[in-house]
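Engineer: Got a structure for you, questions after.
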Amino acid sequence: MLNPLKSLAIALARTKLQSTKMDEETPHPLEEWIQTKVAMEARRSSALRRVIGSPKPGEVDRKALREYQLHRFRHQMLYTGENAPFYQRRWKETGLKPEEIRTFDDLCKVPLTEPSDLAENPFEFLCVSQTKVMRAFSTSGTSGQRKRLFYTRNDVLGVIDPISAALKNVGMRKNDTLQIMFPAIDAWDPGLMLEGACKLAGLNAVKASMIDVDEQLRLMKVNHTTMMIGLTSFIYRLTLLAKEKEDLRSYGIKALILSAEPMPEAMRRELENAWGCKALSQYGMTEMGLATTIECNEKDGLHINEADFLPEVIDPKTGEHVSEGEDGELIWTSLSFEGSPLLRYRSYDISFPIEPPCRCGFRAVGMIGKIKGRMDMQTKVGFGEKVFPLLFDEAVLGVKGVLGYHLTIDKDGYKDRLSFNVEYIGDPNTGKEQVLGAISGLDEIRSGFENDLLAPIEVKVVPPDQKGWVPKTRTIVDNRKQY
Ligand SMILES: [Zn+2]
């Protein structure tokens with residue numbers, strides 16, 4: 001695969017990137033980056049200036065940031081109405097005009113965009129001529145259908161600039177080296193964007209996509225790696241296997257960034273303990289350019305790049321926004337993309353909104369809570385208790401020595417049967433006993449047994465398989481038919 005960044009004039013790009021202009025010692029690089037973008041837009045647009053004035057970076061408050069987002073939302077409605085056949089039709093059918101979207105709650109008037117809409121005809125979302133497309137991305141297709149997204153040169157720069165600000169936010173400096181550990185899985189390659197972000201921002205990066213633990217460790221030593229980013233389950237697995245062999249604290253790693261899959265707290269504790277540094281979560285969607293949110297040192301939620309993305313959390317039944325702290329489905333709008341911008345795009349991920357300020361010092365930028373799982377991975381067991389994969393993650397991965405697991409749910413007469421296949425380092429009998437104890441301790445499981453709706457839980461323990469690692473795109477397989 002050709003590195004798309006080769007076709008960029010790097011020197012020119014550098015002068016355009018906000019993140020490279022920031023002082024190394026800026027206390028909150030990501031919020032400063034977002035504030036600067038809002039301030040620049042106010043300078044350009046008299047319509048926005050009439051609402052928020054001309055704030056300097058640092059003076060943008062929550063209200064001004066929201067106004068900026070609504071302003072960009074209206075812009076994207078107009079832009080897609082002129083250029084994307086899908087949205088052209090949609091605005092015509094609904095008769096919705098951008099000027100009708102004046103408040104945050106007005107957004108609920110706008111119909112949601114379904115992932116299947118995008119999968120069926122990605123070209124109906126394309127807003128520029130094909131010659132302006134610098135890069136097309138395909139999603140990994142965890143929920144079945146593959147989707148294609150198109151990025152212009154501005155889009156690519158617009159993705160890597162905030163990544164570089166976010167890396168600075170978690171403490172990355174010019175003399176640090178970031179090891180990028182995403183095993184290359186077909187067309188899905190976030191490492192490429194990350195490597196580009198580092199290159200353009202003058203930060204050091206090593207792309208290490210192999211799954212071999214010894215090779216990863218060797219590269220860390222050779223390159224004096226100080227930070228790591230990669231698939232959560234991959235870094236966790238590497239950590240458990242590597243710590244059997246050596247003292248990982250001697251590597252002097254400053255931070256781990258765990259990406260693309262949720263990190264249970266038990267896993268965070270294990271990782272932080274092994275490496276002697278902080279482990280932070282990152283969450284994004286390919287449809288939104290991958291890098292949308294990152295945890296701060298307070299670990300109380302994920303900060304959102306709200307200059308480029310407008311998140312909403314809705315009750316999928318009513319379509320209304322949920323209150324702060326309440327669970328719902330995450331909906332995303334890309335506020336800056338030119339290639340294939342998406343408005344109110346369903347993620348099917350479950351989270352909850354958190355309003356600023358944050359204890360880390362962010363004042364205007366909002367957060368979302370840790371992703372609890374996907375709506376289509378939500379499982380009902382026993383008496384109809386809703387169970388998210390994260391619940392089993394917390395329990396099973398909380399057992400020392402567990403690298404990963406798969407859960408199959410079947411019917412056994414009228415009862416549900418849960419079978420866990422657990423990858424474990426250590427004595428299999430101890431592993432089995434402890435995993436069983438952890439699962440049985442869950443309230444949801446206890447109530448299932450009390451009501452006689454669960455068959456005895458099966459746990460099979462297997463030793464780690466070095467070569468056979470596959471990313472856990474789906475931990476739970478539900479074979480029951482009635483739900
Ligand atoms: Zn924070």
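The values are calculated or read from the model by the stated rules, or taken from the named source; none is laboratory data. Model, not experiment: these values are computed from the prediction. When we count neighbours, we look across all protein chains shown, and the Cβ atoms used for this are built from the backbone with ideal geometry, even at glycine.
Engineer: Identify, from the list Ser351, Ser334, the residue that is surrounded by 20 or more Cβ atoms within 10 Å (Cβ to Cβ), in the same structural domain as Tyr68 (by TED's automatic domain parsing) and within 16 Å of the ligand (Cβ to nearest atom). First the steps, then the outcome.
Structural biologist: Working: Ser334 fails: within 16 Å of the ligand (Cβ to nearest atom).
Being surrounded by 20 or more Cβ atoms within 10 Å (Cβ to Cβ), in the same structural domain as Tyr68 (by TED's automatic domain parsing) and within 16 Å of the ligand (Cβ to nearest atom) holds for just one of Ser351, Ser334, which is Ser351.
Engineer: Still on this structure, please answer the following. Restricting attention to region 303-322, which residues are on the phi < 0 side of the Ramachandran plot and in a loop (DSSP other than H, G, I, E, B)? Before the answer, list the steps.
Structural biologist: Just the residues of region 303-322 that are on the phi < 0 side of the Ramachandran plot, to begin with: 303-318, 320-322.
Matches in region 303-322: Asn305, Glu306, Ala307, Asp308, Asp315, Pro316, Lys317, Thr318, Glu320, Val322.
Engineer: What is the one condition in (1) at pLDDT below 85; (2) crowded, with 16+ Cβ neighbours inside 10 Å that Ala184 does not satisfy?
Structural biologist: With respect to (1) at pLDDT below 85; (2) crowded, with 16+ Cβ neighbours inside 10 Å, Ala184 is out only on (2).
Engineer: Something else now. State the number of residues belonging to region 213-227 that are touching a residue at least 40 places away in the same chain (Cβ under 8 Å) and either over 20 Å from Thr292 (Cβ atoms) or assigned to a helix (DSSP H, G or I) (or both).
Structural biologist: Number satisfying all stated conditions: 7.
Engineer: Return a yes/no flag: does region 50-57 have any residue that is part of a helix (DSSP H, G or I), in contact with a helix residue (DSSP H, G or I) (Cβ under 9 Å, 6 or more places away or on another chain) and of a type outside the set (Asp, Glu). Full working, then the answer.
Structural biologist: Filtering region 50-57 for residues part of a helix (DSSP H, G or I) gives 50-52.
Right, trim to in contact with a helix residue (DSSP H, G or I) (Cβ under 9 Å, 6 or more places away or on another chain) and you get 51-52.
Among the residues that remain, those that are also of a type outside the set (Asp, Glu) are: 51-52.
Yes, because at least one residue in region 50-57 is part of a helix (DSSP H, G or I), in contact with a helix residue (DSSP H, G or I) (Cβ under 9 Å, 6 or more places away or on another chain) and of a type outside the set (Asp, Glu).
Engineer: Also, quick follow-up: Tell me, please, whether a residue that is small (Gly, Ala, Ser) and surrounded by 23 or more Cβ atoms within 10 Å (Cβ to Cβ) can be found in region 311-328. Explain how you work it out, then say what you get.
Structural biologist: Quick first cut of region 311-328, residues small (Gly, Ala, Ser) only: 319, 323, 325, 328.
Checking which are surrounded by 23 or more Cβ atoms within 10 Å (Cβ to Cβ) leaves us with none.
No: region 311-328 contains no residue that is small (Gly, Ala, Ser) and surrounded by 23 or more Cβ atoms within 10 Å (Cβ to Cβ).
Engineer: Could you say which residue among Val206, Val213 is among the aliphatic types (A, V, I, L, M), within 23 Å of Ile163 (Cβ to Cβ) and surrounded by 15 or more Cβ atoms within 10 Å (Cβ to Cβ)?
Structural biologist: Working: Val213 fails: within 23 Å of Ile163 (Cβ to Cβ).
After applying the criteria, what remains is Val206.
Engineer: A follow-up question, please. Confirm whether Leu65 is outside any loop (DSSP other than H, G, I, E, B), modelled with pLDDT of 95 or more and out of contact with any Asp or Glu (no Cβ under 8 Å at 6 or more places or on another chain). Step through it out loud before you land on a result.
Structural biologist: Values: outside any loop (DSSP other than H, G, I, E, B): yes; modelled with pLDDT of 95 or more: yes; out of contact with any Asp or Glu (no Cβ under 8 Å at 6 or more places or on another chain): no.
Considered against the rule, which asks whether it is outside any loop (DSSP other than H, G, I, E, B), modelled with pLDDT of 95 or more and out of contact with any Asp or Glu (no Cβ under 8 Å at 6 or more places or on another chain), Leu65 comes out as no.
Engineer: Identify, please: which residue in region 231-244 is at pLDDT 90 or above and surrounded by 21 or more Cβ atoms within 10 Å (Cβ to Cβ) and is, among those, farthest from Ile257 (Cα to Cα)?
Structural biologist: In this case the residue turns out to be Leu240.
Engineer: Just to be sure before I move on: is Glu320 closer than 28 Å to Thr26 by Cβ, charged (D, E, K, R) and modelled with pLDDT of 90 or more in the structure I sent?
Structural biologist: Against the criterion (closer than 28 Å to Thr26 by Cβ, charged (D, E, K, R) and modelled with pLDDT of 90 or more), Glu320 does not qualify.
Engineer: Would you check which residues across region 269-323 are over 27 Å from Arg344 (Cβ atoms) and within 16 Å of the ligand (Cβ to nearest atom) and list them?
Structural biologist: Taking region 269-323 first, the residues over 27 Å from Arg344 (Cβ atoms) are 269-280, 297-299.
Listed by number, the residues that qualify are Lys278, Ala279, Leu280, Asn297, Glu298, Lys299.
Engineer: So Gly328 fits all but one of (1) farther than 22 Å from Arg90 by Cβ; (2) touching a residue at least 60 places away in the same chain (Cβ under 8 Å); (3) not β-branched (Val, Ile, Thr); what number is the exception?
Structural biologist: With (1) farther than 22 Å from Arg90 by Cβ; (2) touching a residue at least 60 places away in the same chain (Cβ under 8 Å); (3) not β-branched (Val, Ile, Thr) applied to Gly328, the lone miss is (2).
Engineer: Which ranges mark the strands (runs of 3 or more DSSP E) fully within region 236-302 that have 2 or more residues being out of contact with any Pro (no Cβ under 8 Å at 6 or more places or on another chain) and over 30 Å from Glu114 (Cα atoms)? Let's see the steps before the verdict.
Structural biologist: Values: elements: 255-259, 278-283, 293-295.
Ranges flagged: 255-259, 278-283.
Engineer: Within 14 Å of the chain's Cα centre (by Cα), within 19 Å of Thr139 (Cα to Cα) and buried (at least 22 other Cβ atoms within 10 Å of the Cβ), is that true of Thr293?
Structural biologist: On the way: within 14 Å of the chain's Cα centre (by Cα): yes; within 19 Å of Thr139 (Cα to Cα): yes; buried (at least 22 other Cβ atoms within 10 Å of the Cβ): yes.
Taking the combined requirement at face value, the residue satisfies it.
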